[in-house]
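A quick write-up on the structure given underneath.
None of the figures in this text is laboratory data; all of them are computed from the coordinates on show. Since we're looking at a predicted model, the values are computed, not measured. Backbone-built Cβ (ideal geometry, glycine too); neighbour counts: all protein chains shown.
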Ligand code: BEZ
Ligand code: FE
């Protein structure tokens, strides 16, 4: 049997699959996997190393540590799926990766509330408006936000069982939202497992450009999953998961300690402020 005959035979083995989409995806997967092996002339030792890598990824994966998501992220597959499924039409706000640290049921805060909940970092006033593509306000949109503290750690990485650096709020009648977050700082993706070793072997950094995550939902609109990134930060040009899009880079303006805050909050420290207007796509 020639190499091509083998590929054809495996592809044909899915011909009678009942589900059309399943058949299409599996046959494409077989064609591409076989093409990869042929193109690279993959050796037995290399294939064994690949299986060992995937086995190690499985062993380190738990409910709170998802090594396969990290692998998809550092190979750019997560961002490619975003590009295919969320092409950013109608001037709508662009999407980026979800990442592994989203948690359902983060606490609700009032307008102007603080998402820190004990997470350390420099306060940052974040405000904006949620609209449809015609500029009409989307009232009652649910705005979920989450971010790492200034040690580059998410609450769920501490095993303390306490939520911090995350919350949700709802837009007002004019589609507006505002809250106190933390000025994002750069942090490494979890790099103590096989994906970290892969990056190290490639001479690549595990650092993510500093960012604040958003998930925005409202009836009649497509769910938006995105981040905003800090303008001027050097990691913006070298994000380990390829998540940065130009339209999502926002200036975080610096204010010295003692500068009056937008809501009259008394702060002893310096703080930053940024705005992020969001355009949701109709369903
Ligand atoms: C994050 O933004 O939290 C993240 C995204 C991809 C991989 C690891 C972390
Ligand atoms: Fe993140």
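Brief remarks on what is shown
- Packing, taken as the mean count of other beta carbons within 10 Å per residue, orders the peptides 44-50, 114-120 from highest to lowest as 114-120, 44-50.
- Ordering of 241-254, 121-134 by packing [mean C-beta count within 10 Å, highest first]: 121-134, 241-254
- A simple packing score, the average count of other Cβ atoms within 10 Å per residue, orders the peptides 15-23, 159-167 as 159-167, 15-23, with the highest score first.
- Here, the range 3-62 yields an orientationally averaged convex hull projection of 5.5 nm² when only Cα atoms define the hull.
- Relative contact order for the chain, counting Cα pairs under 8 Å that sit 6 or more residues apart, in percent: 20
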